[in-house]
1. Once both labels are modelled 7 Å past Cα along the beta-carbon direction, what's the Glu209-Val226 spacing in nm?
2. In the neighborhood of Asp43, defined by Cβ-to-Cβ distances under 11 Å, what is the net charge if each Lys or Arg adds +1 and each Asp or Glu adds -1?
3. Taking R0 as 41 Å, what's the FRET efficiency between Asp279 and Glu55 from their Cβ-Cβ distance, rounded to 0.05?
4. Work out from phi, with θ = phi - 60° and the Karplus expression 6.51 cos²θ - 1.76 cosθ + 1.60, the ³J(HN,Hα) of each residue of region 310-315, listed in order in whole Hz, and give x for Gly and Pro.
5. Subtracting the Cα-Cα distance from 0.36 nm times the residue separation, let me have the gained length for Lys188 to Lys341 in nm, one decimal.
6. Calculate the dipole size of the chain relative to its Cα centre from +1 charges on Lys and Arg beta carbons and -1 charges on Asp and Glu beta carbons; express the result in debye to the nearest 20.
7. May I ask you to list the residues of region 233-271 whose amide nitrogen lies under 15 Å from a point 7 Å from Cα along the Cα→beta-carbon direction of Glu99?
8. Once you list every other residue whose beta carbon is under 11 Å from the beta carbon of Leu21, what net charge do they have if Lys and Arg are +1 and Asp and Glu are -1?
Amino acid sequence: MQTLIHNIKAIVGCHAKEVLLVKGRGMKDLPILENAWLLMEDDRILNMGTGTPPEGTFEQIDAGNGFVFPTWVDSHTHIVYAGNREGEFVDRINGLTYEEIARRGGGILNSAAKLRLASEDELIEAALNRLTNVTKTGTGAVEIKSGYGLTIDAELKMLRVARKLAQLQPLPIRTTLLGAHALPLEYKGNKSGYIQLVCEEMIPRAAEEGLADYIDIFCEEGYFDVADTERVLEAGAKWGLKPKTHVNQFNAIGGVKASVERGAISVDHLEELEDDDIDVLIGSGTIATALPLCSLFLTIPYTPARRLIAAGVPVAIATDYNPGSSPSGNMSLAVALACMKMRMNPEEAINAATINGAAALEWSDQMGSMTLGKKASFFITREMTSYAYLPYSFGDNLISRVFVNGKLVATNS
Ligand code: NIG
Ligand code: FE
């Protein structure tokens, strides 16, 4: 079936087919097509142009002079979880730090205790609600991590839920095994025993059952160190799982180098970034993923995007949606924060949330830009004066309709 979208003020992110990632000065290149129309066939973008739209017996959609953007690609979430942690939020308001809460048995272990008690059906229902909500703010594809199970059964349960979600709702999903997210209580004092369990049992089971696309570890003081990171990433590599890692959130301890040397697709967080870390990233092909909602929620530094962009490192933006450090999956807000707090230009932030987010999931040949032949995953905005108005009017949802793979999946009145 062919559908024509007409009366578009501009289509944003019309990258050429060969552009699968942008970096350095290229991060500011955001090709647009003004006074435009868009023709889609089934789930694909068939044609685009300016001026008078083609004639034919298409289904017609009037964009109302709004903008068309490629849907956001949220390349880092922990959207499968049980319960919430607003008690810890209040504890932090009253002066405790994230690390202090974790040391008292809160944090990731708090979520792990809740998740182990939850059934697959309960987890699916809660995550489906979250996915429906993020779709309304323009997200068209997500990555989902495990990491709140911390036993073989519970980690595999999380990944099975993530795989089922891909069948139950329209957004495409990539999954990541994050068994080494925190040391579970049963292994207190025996970190190497837990790492052995992750490497020798969890990774092989997840890979054999086809449940994981990537391998992750929380490389951080008080969690897992560089030697643990090397062991886990190398065990993942044996099973074809490429790294996407949590590094440099609170301390720079060498996680960037360990990940980049092992072919990481992305290194995520990077709130504490040393020059050596940037040197390692230059020319590596690894994407630096910033998580501005986490910086906002935990009141920690923002990832130094300007330093990364100046060094020619590709930057992506994701939400980190999780109950402890970012209980929001609002990519539009993440883009606005990237502009306001990381001094990214709107063009850079939009690219970071679309084409580079897609690249951080090895999906930029299919999505992340408005390019002929790619998936028809895009959103239509209300009338706006320019595309910069979207991050400028932060907190408002200016997205009126969201399409994923050619299908209307959300309408905001
Ligand atoms: O990406 N930093 C590690 N993991 C999550 C937070 C986990 C939690 O607090 O539940 C993050 O911020
Ligand atoms: Fe995270």
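1. According to this spin-label approximation, the distance is 3.5 nm.
2. Around Asp43, the surrounding residues sum to +2.
3. Numbers: r = 56 Å, r/R0 = 1.37.
After rounding to 0.05, the efficiency reads 0.15.
4. Once θ is set to phi - 60°, the couplings for region 310-315 become 4, 7, x, 8, x, 10 Hz.
5. Full extension from Lys188 to Lys341 adds 51.3 nm.
6. Value, rounded to 20: 500 debye.
7. Correct set: 248-254, 271.
8. On the way: positive: Lys23; negative: Glu18, Glu362, Asp365.
After counting each charged neighbour, the total is -2.
Read-outs throughout are calculated quantities, based only on the coordinates presented, and are distinct from any laboratory measurement. Here the structure is a predicted model, which is why all the values come from computation and not from measurement. Please note: Cβ atoms are built from the backbone with ideal geometry, for glycine as well, and neighbour counts cover all protein chains shown.
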